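Shown next, in structure tokens, is the structure this report addresses.
Please treat every number below as a calculation from the coordinates, not as lab data. What you see is a predicted model; the values in this text were computed from it and never measured. For neighbour counting, all protein chains shown are included, and Cβ atoms are generated from backbone atoms with ideal geometry for every residue, glycine included.
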Amino acid sequence: MPGETFKEYIDSLSYGSRTDLLFKFLKNAGEEPAEQFVQTLLRELGEVVDTGDLSHLFNLIYEGQLAAYSPPDEETRWKYDDGPFTPLPKPLSEMRVGLLTSSGHYVEGEPHAPPELGEYTQEEGTKHIGEYGRAKPFLSAVPVDLPQEKLGVHQPGYDIRAAQKDRNTVMPIDRMQEMAAEGVIGEFAETAYSFIGLTSQIRLTREDAPQWAERVKSEGWEAAVLVPV
Amino acid sequence: MSNVFRGRVVVQKPSRTVFTQHIMGRPMSAPFDNERQTYVLREALKMLETATEPDTSIVLPEKYRVAL
């Protein structure tokens, strides 16, 4: 846009006029690191023209995200002096193990977002990001024998393109099935769960997560694999 | 989970965490990289079984790649 500054440009990538959930980190990164990122990106692209090697580009994005999402200590909001720990009472090969992710997967045809938000598309969701942050956490039950094509994904907090192509990038249902078949785990619980990680963290911590824990315990889960996006 | 969030996560003292050097939104792997998915999951299950104290974590050394 005429007269637009570089800062306005990178700000627009994070829930602005040019939302891009893979590169929204550039707003967090700040103006100077973002400038360096773009310059390096162009240089690496120039290398790719000759080598075809994309690994440097992947690493550039990873390193950019790592730097942008690593907060200074004083800015870390959720900080605890100690954490929970429960040793396994028996080998995993004798246990019923469940899967829970924050990827926003849901069964096609069923609601995919908290009722108070309506059924926004992924793109619409990025325009109502504040509503997700205040909404009641939303949990979807996913039968683990559900085929990939019956599984949708809605989560305006991250770039869902990989999750849409292959659920196992964030919700490793097929790999868990294999672990059960191999005997690494005793059993894979027949219902996996997924929620929209972009939600009220206070409500999640104080109200919903404890209820979800009781729910999966009642379904016989003895251990769980949690996959945050 | 992706190591890009490690700074935010370790201070929360989760009991066991496997971090991958993967781009956000692809903590297990790139699409259809079944080998990497299996590897990451095996590491997670191994940690689930062998960790003896809270706040146990590892950063896997492998970099993000696309499936060939």
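Being in contact (Cβ under 8 Å) with a residue 12 or more places away in the chain, within 30 Å of A:ARG77 (Cα to Cα), of a type in the set (Gly, Ala, Ser) and more than 11 Å from chain B (Cβ to nearest Cβ) is the filter here; which residues of the range A:165-221 pass it?
A:ALA192, A:SER194, A:SER200, A:ALA209 - these are the residues of the range A:165-221 that are in contact (Cβ under 8 Å) with a residue 12 or more places away in the chain, within 30 Å of A:ARG77 (Cα to Cα), of a type in the set (Gly, Ala, Ser) and more than 11 Å from chain B (Cβ to nearest Cβ).
State the number of residues belonging to the range A:79-112 that are more than 24 Å from B:MET47 (Cα to Cα) and loosely packed, with under 15 Cβ neighbours inside 10 Å.
Of the residues in the range A:79-112, the ones more than 24 Å from B:MET47 (Cα to Cα) are A:104-112.
From what is left, the residues that are loosely packed, with under 15 Cβ neighbours inside 10 Å are A:108-111.
So the answer is 4.
Restrict the check to the range A:121-129 and report whether at least one residue is under 29 Å from A:THR19 (Cα atoms), within 11 Å of chain B (Cβ to nearest Cβ) and in contact (Cβ under 8 Å) with a residue 12 or more places away in the chain.
Step one: of the range A:121-129, the residues under 29 Å from A:THR19 (Cα atoms) are A:121-129.
Filter once more, so that each one left must be within 11 Å of chain B (Cβ to nearest Cβ): none.
No, that holds for no residue.
Give the range B:26-63 a look and list any residue that's surrounded by fewer than 16 Cβ atoms within 10 Å (Cβ to Cβ), outside any loop (DSSP other than H, G, I, E, B), of a type in the set (Val, Ile, Thr) and facing chain A (nearest Cβ under 10 Å), or say none.
B:THR50
In this structure, is A:ARG167 buried (at least 19 other Cβ atoms within 10 Å of the Cβ), in contact with a strand residue (DSSP E or B) (Cβ under 7 Å, 6 or more places away or on another chain) and among the basic types (Lys, Arg)?
On the way: buried (at least 19 other Cβ atoms within 10 Å of the Cβ): yes; in contact with a strand residue (DSSP E or B) (Cβ under 7 Å, 6 or more places away or on another chain): yes; among the basic types (Lys, Arg): yes.
So A:ARG167 fits the description; yes.
Provide a single number: the residues in the range A:188-207 that are over 18 Å from the mean Cα position of the chain (by Cα), surrounded by 15 or more Cβ atoms within 10 Å (Cβ to Cβ) and not β-branched (Val, Ile, Thr).
Matching residues across the range A:188-207 total 2.
With respect to the numbered conditions (1) in a helix (DSSP H, G or I); (2) out of contact with any strand residue (DSSP E or B) (no Cβ under 7 Å at 6 or more places or on another chain); (3) under 30 Å from A:THR205 (Cα atoms); (4) not small (Gly, Ala, Ser), which one is the sole condition not fulfilled by A:TYR80?
(1)
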